[in-house]
Amino acid sequence: MAVEVVKVEIKSVTDASGVAEHIQKGTFTADQVVGVIGKTEGNGGVNDYTRILADRAYREVLEEHGTRSKAEIAEIPMVWSGGCDGIITPHATVFAEVPGEGDPSKSRLVIGTAMSDIIKPEDIGRPKMVETVAAGVRAAMADAGITDPKDVHYVQTKTPLLTVETIKDAASRGHTVFTEDTLDSMGVSNGTTGLGIAVGLEEIEMPTAEDIYHNFDLYSSVASCSSGVELNQAQIVLFGNRAGAGGRYRIGHSVMEDALDIDGIYAGIADAGLELPDRPRAEDLDGKVVNCFIKCEADRRALLRGRRQIMLDDSDVHHHRHSKGAVGAIAALAINDPAVFVSVDAKHQGPHGGGPAIAIVDVGV
């Protein structure tokens, strides 16, 4: 099998016409779609229901044009990240597995998926969640047929966050939660998941309870973690390269050291297999980049290249919006396309003030 990858614009909150057009013209069938990663235009917060609307629209198209049951379609991982701050265009990257011969001398893109065990509200932000996610990552690696963690370049997850109801549920069973701030729980869930990915891929040793959400020197270089109200497990989509896999695509990664690190984006593109000059620019990419997937975070030291930053002091605009808008512009400039996947809450996902920079490129047969 081979992986086919397309990026389509989302033209309205419930628009799934892009994926429908590719199905109708034969790029892949509805039954071959195995995953979707997208940006929606909501507020990116706890009550961002544009994620649910997009999810429903895409699953309805797969049901309309395919033969899989509603229950089978419900199992397809779709990770929706809310918030298109600044110039980011709402879009989705769609992955399908299609027939294709592989060459044992070449490594090409493969995908593995897994759903973790249930994550209880009292586990969010605690070692139990790290262990649960790590086990799920190993299962996704096995599903992709990858044996060496170094061949994994991107792990996209969706995990539960805390709501008033789940906090009450934990309390009713005699448990405390890491935080009762539901918005902050998004970052806690993302960060704990990042550590779980790092443990599962042997990037770090198992952290202590005190490390979680505090020791930001511990991180994964390939994690992109999102959280929402719509599930109670870790939904894991893992991407890597495997020798003998079919298709035209490869994936690579690097890290952005800070919000201005455009070279970190190009390093991820080069790692995927695209030859670039010493000082690359968008015109050097020759249309070969399908998409970039980037995590970002306001630096807690409130500095950028030695200059003072005020994102964390702004009471009118949340620092997530500042960071996402700024890094989205850098990423769009890098590839000459505002349809880029940029997500915030990057704790334990890349270094202080930076984050993983992942790229999928078309390297040909």
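The values are calculated or read from the model by the stated rules, or taken from the named source; none is laboratory data. Just so it is clear, the structure is predicted and the values come from calculations on it, not from any experiment. Backbone-built Cβ (ideal geometry, glycine too); neighbour counts: all protein chains shown. The protein model used for the area step is the full one, side chains on, heavy atoms only, and it has no ligands, DNA or RNA in it. Shrake-Rupley method; radii C 1.70, N 1.55, O 1.52, S 1.80 Å.
Pairing residues of the range 137-156 that are aromatic (Phe, Trp, Tyr) with residues that are modelled with pLDDT of 95 or more, at Cβ distances under 7 Å and at least 6 apart in sequence or on separate chains, gives 154/222; 154/224; 154/239; 154/251; 154/253; 154/293; 154/358.
The single condition among (1) modelled with pLDDT under 95; (2) under 20 Å from the mean Cα position of the chain (by Cα) that residue 332 does not meet is (1). All conditions in (1) closer than 16 Å to residue 115 by Cα; (2) without any contact (Cβ under 8 Å) to a residue 40 or more places away in the chain; (3) not hydroxyl-bearing (Ser, Thr, Tyr) hold for residue 205, with the sole exception of (1).
Filtered by the rule that a residue be among the polar types (S, T, N, Q) and open to solvent by 40 Å² or more (accessible area, probe 1.4 Å), the range 143-157 gives a lone residue, 147.
The residue that is nearest to residue 242 (Cα to Cα), among those in the range 158-172 that are open to solvent by 40 Å² or more (accessible area, probe 1.4 Å) and touching a residue at least 12 places away in the same chain (Cβ under 8 Å), is 166.
The set of residues in the range 324-365 that are assigned to a strand (DSSP E or B), more than 25 Å from residue 218 (Cβ to Cβ) and open to solvent by less than 20 Å² (accessible area, probe 1.4 Å) comprises 360, 361.
What pairs come out if I take residues in the range 45-64 that are at pLDDT below 95 and pair them with residues that are part of a helix (DSSP H, G or I) and hydroxyl-bearing (Ser, Thr, Tyr) whose C-beta lies under 7 Å away, six or more apart or interchain? Within 7 Å, the pairs are 46/182. For the range 173-194, the set of residues classified as within 13 Å of residue 127 (Cα to Cα) and open to solvent by 60 Å² or more (accessible area, probe 1.4 Å) consists of 178 only. For a quick check of your reading of the model, give me the residue pairs whose first member lies in the range 65-86 and is farther than 11 Å from residue 38 by Cα and among the basic types (Lys, Arg), whose second is open to solvent by less than 50 Å² (accessible area, probe 1.4 Å) and outside any strand (DSSP E or B), with beta-carbon atoms closer than 9 Å and at least 6 apart or on different chains. Pairs found: 68/30; 68/62; 68/76; 70/59.
Within the range 85-115, count every residue that is open to solvent by 60 Å² or more (accessible area, probe 1.4 Å) and among the polar types (S, T, N, Q). So the answer is 1.
Out of 93, 89, 132, report the one residue that is in a strand (DSSP E or B) and on the phi < 0 side of the Ramachandran plot. Outline the logic, then answer.
Details: 89 fails: in a strand (DSSP E or B); 132 fails: in a strand (DSSP E or B).
Step by step, each of 93, 89, 132 is checked, and only 93 is in a strand (DSSP E or B) and on the phi < 0 side of the Ramachandran plot.
Might you let me know whether the range 145-154 holds any residue that is of a type in the set (Ser, Thr, Tyr), assigned to a strand (DSSP E or B), in contact with a Cys (Cβ under 6 Å, 6 or more places away or on another chain) and within 21 Å of residue 357 (Cα to Cα)? Checking the range 145-154: not a single residue is of a type in the set (Ser, Thr, Tyr), assigned to a strand (DSSP E or B), in contact with a Cys (Cβ under 6 Å, 6 or more places away or on another chain) and within 21 Å of residue 357 (Cα to Cα). Residue 133 meets all of the listed conditions (1) at pLDDT below 95; (2) open to solvent by less than 10 Å² (accessible area, probe 1.4 Å) but one, namely (1). A Cβ distance below 7 Å, combined with a sequence gap of six or more or placement on separate chains, defines the contacts here; from the range 12-37, residues that are more than 24 Å from residue 82 (Cβ to Cβ) reach residues that are open to solvent by 50 Å² or more (accessible area, probe 1.4 Å) and assigned to a strand (DSSP E or B) in the pairs 32/97.
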